[in-house]
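**Q** Quick one: structure below, then a few questions.
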Amino acid sequence: GQQVMQIPQYQHVQEGEDFTTYCNSSTTLSNIQWYKQRPGGHPVFLIQLVKSGEVKKQKRLTFQFGEAKKNSSLHITATQTTDVGTYFCDGGSNYKLTFGKGTLLTVNP
Amino acid sequence: SQTIHQWPATLVQPVGSPLSLECTVEGTSNPNLYWYRQAAGRGLQLLFYSVGIGQISSEVPQNLSASRPQDRQFILSSKKLLLSDSGFYLCAWKRGTNTGELFFGEGSRLTVL
C-alpha cells in the first residue's frame, strides 16, 4: 500500500530559528495536504498542494510539492512559540487518507 | 457552514466495559467519514472510514467496530474495552473525492483502567 514517511520525528529549535519537515512517498501522489495539531488539540488543515513543483506561502510558512509529486516540505521561517505542535502530511487517495507520523516541533523562547 | 461534533470529550472506562463514541456532521451531505486513533500524542492511525450509509471499511483488526446509521452520523463502538484501547479518538469528514481537506472533530480522550 501507499507509504508516507515524514522526517524528522522531533525537532527542537530556539525561537527565531528556521524549521523544515519533509514528507516522502513511495508512490506518486495526486495531491498532498498539511495539518497542524497543537498540544492537546485536534489536527487543523493548513494547505493542499496539487501541481508538480507547486510552492505556496502562508506568512512565515512555505509549502513545496516536488516535481515528481513524491515529496513535499513545510518550512517555517523565524519560528515563534505559537508554532509549537505536530505537523502532519497526508498523501492519501480519494477515500483513504495516509498520514505521515508527524513532526513534533518544540520552540524554546 | 459545516460543523462536526464529537462526544464525549473525555471518558474513563474499566477494562471489559462497552464503548460508544458518537460523531455528527452538520451542513453537508454524503460526507466521507473517518475514525482515527492517536496514541501517545503522535501518529494518526486510521481505524474506519465510510463513504456512505451502512458502508464501513475497517483498516485495523481490533475489538472496535463502527456504524453509520445515518448520512451524517458515525459511531465507534466496542463490546469489551482493552487497556490498549486507551487513546485519543478523532472523528473527521471530508467532501467527495477530489478535495483533500479533512475536518476533524475535537476528539475524545479515552482512558481504560
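**Q** What number does region A:18-108 give for Rg over Rh if you use C-alpha atoms and the Kirkwood radius?
**A** 0.95
**Q** Return the long-range amide H neighbours of B:GLU106 (sequence gap of 5 or more, or a different chain), with a cut-off of under 5 Å between placed amide H atoms.
**A** B:GLN6
**Q** Using the Karplus curve 6.51 cos²θ - 1.76 cosθ + 1.60 with θ = phi - 60°, what ³J(HN,Hα) values do you get for each residue of region A:61-78, in whole Hz, with x for Gly and Pro?
**A** 9, 10, 10, 10, 10, x, 4, 8, 6, 10, 8, 8, 9, 10, 10, 10, 8, 6
**Q** What is the mean number of Cβ atoms from other protein chains located within 10 Å of the Cβ atom of each residue in peptide A:38-47, rounded to a whole number?
**A** 4
**Q** Another question, if that's okay. Which ³J(HN,Hα) values in Hz, rounded to whole numbers, follow from the phi angles of region A:35-42 under the Karplus curve 6.51 cos²θ - 1.76 cosθ + 1.60, where θ = phi - 60° and Gly and Pro get x?
**A** 10, 10, 10, 6, x, x, x, 10
**Q** Starting with the highest mean, order A:46-59, A:27-40 by the number of other Cβ atoms within 10 Å, averaged over the residues of each peptide.
**A** Going from most to least packed, we get A:27-40, A:46-59.
**Q** Shifting gears a bit: Take the solvent-accessible surface of the protein heavy atoms, probe 1.4 Å, and return the percent of it on chain A that carbon and sulfur atoms account for.
**A** 51
**Q** How crowded by other chains is A:27-36, given as the mean number of beta carbons from other chains within 10 Å of each beta carbon?
**A** Partner-chain Cβ atoms within 10 Å, mean over residues of A:27-36: 2.
**Q** Name the residues whose placed amide hydrogens come within less than 5 Å of the amide hydrogen of B:SER86, ignoring near sequence neighbours (fewer than 5 apart) on the same chain.
**A** Distant-sequence amide H within range of B:SER86: B:VAL112.
**Q** Also, I was wondering about something else. Scan around B:LEU81 for amide H atoms under 5 Å from its own, H built in the peptide plane at 1.01 Å from N, and keep only partners 5 or more places away or cross-chain.
**A** B:GLY16, B:SER17
**Q** Then there is this: Could you work out the mean count of beta carbons from other protein chains within 10 Å of each residue's beta carbon in B:44-51?
**A** Other-chain Cβ atoms within 10 Å of each residue's Cβ, averaged: 3.
**Q** In the protein assembly as shown, with Lys and Arg counted as +1 and Asp and Glu as -1 at Cβ, which of these residues, A:PRO8, B:SER50, A:ASN108, has the Cα nearest the positive end of the dipole, that is, farthest along it?
**A** B:SER50
**Q** How much of the accessible area of region B:3-112, in percent, comes from carbon and sulfur atoms when a 1.4 Å probe is used?
**A** Roughly 53 percent, rounded to a whole number.
**Q** Order these peptides, B:63-76, B:24-37, by their mean beta-carbon neighbour count within 10 angstrom, highest first.
**A** Listed from highest to lowest mean packing, they are B:24-37, B:63-76.
**Q** Kindly compute the accessible surface that chains B and A hide from a 1.4 Å probe when together, both sides summed, and give it to the nearest 100 Å².
**A** Approximately 1800 Å² gets buried when B meets A.
The values are calculated or read from the model by the stated rules, or taken from the named source; none is laboratory data. Only a predicted model underlies this, so the values are computations on that prediction, with no experimental measurement involved. Neighbour counts run over all protein chains shown; Cβ positions are idealised from the backbone, glycine included. These area figures cover heavy atoms from the full protein model, side chains too; ligands, DNA and RNA do not enter into them. Shrake-Rupley method; radii C 1.70, N 1.55, O 1.52, S 1.80 Å.
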